[in-house]
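This report concerns only the one structure given below.
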Amino acid sequence: MKSRIASRYLLGAVAALIAVAAWACGSDPETVIVKETVVVEVEKQVQVEVEKEVQVTVEVEVEKVVEVEKEVIVEVMVEKEEVAPTATPEPAMMELPDTESPAGTLVMIPEGVAPGVGINRSQAPESLMYWGVSEQLFRPNDDGTLVGPWLAESWEVSPDGSQATVTLRSGVQFHGGWGELTAHDFVWSLNDTNAVTTPESIHGQAGDFAAFMDEAEATDDRTVVLNFNAPEPRWTTLLFNQAGDAFGVFSKKAYDEMGADWMRENVIGTGPYMVEEWRQSDSATLIAQDTHWDKTAEVATLRLIDVPETVARISALRSGGADWAVLPVREIGPLTRDGFKSVTTGRQSGVPLQMAGNYWESTQVKTGEPTAPVTFVHDIPWIGNPFKPNDGNNPDGIDDMEQARLVRWAIAMSIDRDLVNESLYGNNANPYYVGMFHIIDTDWDDKWKIPYDPAMANEYLDKAGYPRDEDGKRFDMPIYGFTSRIEFTEIADAAAGFINQLGIETSVIKIAYSIIRPSLVGRTNTTPSIQWCRSDLWKPYDWVTGEEETSLTRGGFGCHIEIPFILDTVQKVAAETDPAKRKEYNVALADYLWEQQLKIGIVALPFVSAYNPNAIEDWPMRPGPQAPYTSPELIVPAR
C-alpha cells in the first residue's frame, strides 16, 4: 500500500533511511524534512533490514539530485509489507511468600504502636478497642448499620434527650481474674476520660465528652445513667462505639487496689485479646483469651510491630516477615496484582482545597461578641465579603460574593479528579467533589459532581472580571501544601498544575502545619490549603458535621472558614432526635456547599491495609468511619 512519510532529519539521507525502516515497523507516515546542507541521492530499489528480519522494499520516484541549504520537504513513496503485531507479555505474577511467623502467630504492622497505658486520664489509646483488648457499648451490626449491642444489652433515651439509661450485659469478665464487668467499672472509666469530671485527663476524647456530658452514674451493678449537658445525636455511633473514637473500659477494682501508676503499666480490659507486652513506638504482643463471652479468637497471638517507613512495610509483606500491614492507598494496586489481599473498614478522608479566608459569621456563637474578621482588608478574588458586597471592582450586576463564588467554581472545574486519582493513586482513591460529603455513601447524589470543564472555568473567570493580561495571567493564588502528609503536598502540586492553566499563577508553599496553625486558630489565614479536617472524614449523613468550619471552635483549630449556614445546620442536626430529619438538614448543607465551593474536593483517600493470604484467609472487618481496623477476633487464619 502506498503512503506518504514525513520525518525531521538532522543527519540527511542516512537518517531518512532509518526513519523509513522505523515506519515500516509500524510508526506513522510523515513528511521528510531536511534541515542541513545535504545531497540526497536515492536509488529506485532499496532494501532495508529492520527488527525481526522483515524485508521492506522502498520505491522512490526521483527525477534529480536535490541539493538543499534550508529546510525542505522530501516526499518519498514507499510500499510497506504488513507485519503482524506482537502482544506485549503481561508481567509474571510473583509467588506469594510463605509466612515466617510461628504457628498460631500473626505479625502485624499497624499505623504505629501507640502508648499502651491502661488508664484513660493518661491517654489510653482507641487502638486498644480496635485491637480487641477493650470493648464499648455499641459496635456495627453485620449488615453495616453502625449501632448494634456490644457491652450494652438495652438502652433508652429520655423524651427531652437529656439522659440515656443503659443496661449492661452480664457475664463479661475482665482479663487476669479481675472479676465481672459492672456499671461501676464503666462509669468510672467514662468519668476518668471526661475533662468535666477529670480535668487532668489528656485522653483524646476528653474535650469531646466535656462538650456534651456531665458526670455519669451507676444506679446498680448493671445500670449506667448518662447525663447530657448538650444535644449529641452521635453518642451511640461515635463516642460509645467501636466504629468511632470511644475510650477504654477498664477495671475499677484494679485501680482501687493497685493505684493509678500500676494501671498506667497494665491494661485490664474485657476483649477477646489481652495484653502480654506493650512497648510504645516499638511493639506489642496480644494473647487470645481461652474463652470469651462473644467470640473466641482463632489466632492465638498477634505481634504488633512499629515500622514507620512504607518501603520497609512493603518489604516485610513481600518477604513473609509480616502478615498484614497498613499502607498508603497508592501501594495497594501492585500488591493486589501480585496476589495480596486488601481490606478496609470503609474509613476514608477527603482531601479538599480549603478556600481560606471566607469568615462570614458576624458574631461568635458562644460569646455573642463581634468576630471582627481581618481577611477582608484586601480584595482577594476567592474571598467573598458579605459586609461590603460592592467593593469597586465588581462587574455590572455582580456583587463581591457572586464574584468570588464564580472564581471558586472556576477553580473547582479546572481540576481533573479522575486524572489525579489515576496518576497519583492508581485509581485506588475516590473522586471528592463537595467537602464533607462522600460518593461512597448510599445518600450521595450525583447532582453534586463537579465537571472537569476548563473552557467553562475560563468563561467564569472572564465573567467575574478577571481577564487575562498580555502575558495570559489573571491573578496570583498561592496554595499551602502541608508537609505533615506527603498526600497534601503531592495533591497541592497536582491542583496547582491545573489551576495554572486558567491564568491563575499558582505556587505551592510546602510548609509545616505547625507554622500555619496560629493563623487557623486566630482566623486570619487567606491562603487556600490542601488539608483535611474532621468534617472531611466519611461519616453517615445524619451525623453532626462541620463544627470546625464555624465559630463554635474559636479558641482552638478552625478549618479556614466560618459560615453561618454551616453553623445553623450543625445546631439543627445536634438538636434533632429524628435521624431522617438530621439527614434532610445535611443534604441541604451539601446543596449549599456545592453551590458555594468553599471546600473544593479533589480526591478521597481510603485507609487501607493488605495481608498475605498464605497467612490470613480472611478478615471481615466491621465498618468504622473513624476506626482504621477492627475486630481481629474475626480473622480466619490460612489453613
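Where does the chain land at 222 nm, in deg cm²/dmol rounded to the nearest 500, when only DSSP H runs of n ≥ 4 count, each adding -39500 (n - 2.57), divided by all residues? Could the numbers behind the result be given before it?
Working: 15 runs with 148 residues, N = 639.
Rounded to the nearest 500, it is -7000 deg cm²/dmol.
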Item checked: Where trypsin sites (Lys or Arg not before Pro) fall in DSSP loop in the stretch 565-618, at most 15 other Cβ within 10 Å -> none
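Before I look further, what does the chain give for accessible area per residue, probe 1.4 Å, in whole square angstrom? If you can, show how the numbers build up before the last one.
Numbers: 28040 Å² over 639 residues.
The answer is 44 Å² per residue.
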Notebook entry, point to check: Normalised by the residues of the stretch 121-167, what does the relative contact order come to in percent, with Cα pairs under 8 Å and at least six apart?
Noted result: 22 percent
Margin query: If you take every residue apart from SER101 with its C-beta less than 13 Å away from the C-beta of SER101, what net charge results, scoring Lys and Arg +1 and Asp and Glu -1?
Written below: -2
Notebook entry, point to check: Which far-off residues, 5 or more places away or on another chain, put their amide H under 5 Å from the one on PHE607, with H placed in the peptide plane?
Noted result: ARG347, GLN348, SER349
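Over the chain, calculate the relative contact order: mean separation of alpha carbon pairs under 8 Å at least 6 apart, over the residue count, as a percent. Kindly include the intermediate steps, with their values, before the conclusion.
On the way: 1435 pairs, mean separation 104.3, N = 639.
That works out to 16 percent.
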Next item on the list: Work from the charge dipole of the chain (Cβ charges, +1 for Lys and Arg, -1 for Asp and Glu, about the Cα centre) and give the residue of VAL187, THR296, THR336 farthest towards its positive end.
Entry: VAL187
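Work through the residues other than TRP278 whose Cβ is under 15 Å from its Cβ and net out their charges, Lys, Arg +1 and Asp, Glu -1.
Values: positive: ARG264, ARG279, ARG303; negative: GLU126, GLU265, GLU276, GLU277, ASP282, ASP306.
Value of the local net charge: -3.
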Next item on the list: Quick one: pull the percent of accessible area on the chain belonging to carbon and sulfur, 1.4 Å probe, ligands and nucleic acids left out.
Entry: 49 percent
Notebook entry, point to check: Rule-of-thumb check for the stretch 189-273: C-alpha Rg over 2.2 N^0.38 Å?
Noted result: 1.12
Next item on the list: Pull up the cross-link candidates among the aspartates and glutamates for LYS366, meaning alpha carbon to alpha carbon under 18 Å and not fewer than 8 places away within one chain.
Entry: ASP208, GLU232, GLU547, GLU548, GLU549, GLU562, ASP568
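Using a cut-off of 10 Å between beta-carbons, work out the net charge of the residues near VAL113 (Lys and Arg +1, Asp and Glu -1, VAL113 not included).
Working: positive: ARG279; negative: GLU111, ASP282, ASP306.
The answer is -2.
Rounded, prolate or oblate for the stretch 346-405? Axes are the square roots of the Cα gyration tensor eigenvalues, ordered a ≥ b ≥ c, and the cut-off for rounded is a/c under 1.5. Mind dumping the intermediate values first?
Working: a/c = 2.63, a/b = 1.25, b/c = 2.11.
It is oblate, given that a/c is not under 1.5 and a/b is not larger than b/c.
For the pairs LYS572/LYS599; LYS539/LYS581; LYS449/LYS473; LYS341/LYS599; LYS449/LYS583, flag any whose C-alpha to C-alpha distance is greater than 23 Å. Walk me through the numbers before you get to the answer.
Working: LYS572/LYS599 21 Å; LYS539/LYS581 16 Å; LYS449/LYS473 28 Å; LYS341/LYS599 34 Å; LYS449/LYS583 19 Å.
Exceeds cut-off: LYS449/LYS473; LYS341/LYS599.
Shape call for the stretch 578-632 from the C-alpha gyration tensor, a ≥ b ≥ c root eigenvalues: rounded (a/c under 1.5), prolate (a/b greater than b/c) or oblate?
Working: a/c = 5.09, a/b = 2.06, b/c = 2.47.
Oblate, because a/c is 1.5 or more while a/b does not exceed b/c.
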Check: For the stretch 100-215, what relative contact order do you get, as a whole percent, if you take Cα pairs closer than 8 Å and at least 6 residues apart?
Finding: 20 percent
Check: What list of ³J(HN,Hα) values in whole Hz, one per residue of the stretch 103-120 in order, does the Karplus curve 6.51 cos²θ - 1.76 cosθ + 1.60 (θ = phi - 60°) give from phi, with Gly and Pro shown as x?
Finding: 4, x, 10, 10, 9, 10, 10, x, 5, x, 9, 6, x, x, 6, x, 9, 5
Margin query: Tell me which trypsin sites (Lys or Arg not before Pro) from the stretch 294-375 have a DSSP coil assignment and no more than 15 other beta carbons within 10 Å of their own.
Written below: LYS295, LYS366
Next item on the list: Sort out for me the Cα centre separation of the stretch 547-573 from the stretch 99-154, rounded to whole Å.
Entry: 31 Å
Notebook entry, point to check: So, in nm, how far is label LYS295 from label SER170 when the simple model puts each one 7 Å beyond its Cα toward the Cβ?
Noted result: 2.6 nm
Note to self: So I have (i) 57, 37, 18; (ii) 69, 28, 23; (iii) 46, 27, 24, and one of them is semi-axes √(5λ) of the Cα gyration tensor in Å calculated from this model. Which one is it?
What the structure shows: (i)
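Once you mark the chymotrypsin sites (Phe, Trp or Tyr not before Pro) that are in a DSSP loop and have at most 14 other Cβ atoms within 10 Å, what is the longest gap between them in the chain? Let's see the in-between values first.
Working: sites that count: PHE387, PHE557.
Answer - 1-386.
The values are calculated or read from the model by the stated rules, or taken from the named source; none is laboratory data. All of these numbers come straight from a predicted model, not from anything done at the bench. Quick reminder, even Gly has a Cβ in these numbers, built from the backbone with ideal geometry, and neighbours come from all protein chains shown. Side chains included, ligands, DNA and RNA excluded: accessible areas come from the protein's heavy atoms. Shrake-Rupley method; radii C 1.70, N 1.55, O 1.52, S 1.80 Å.
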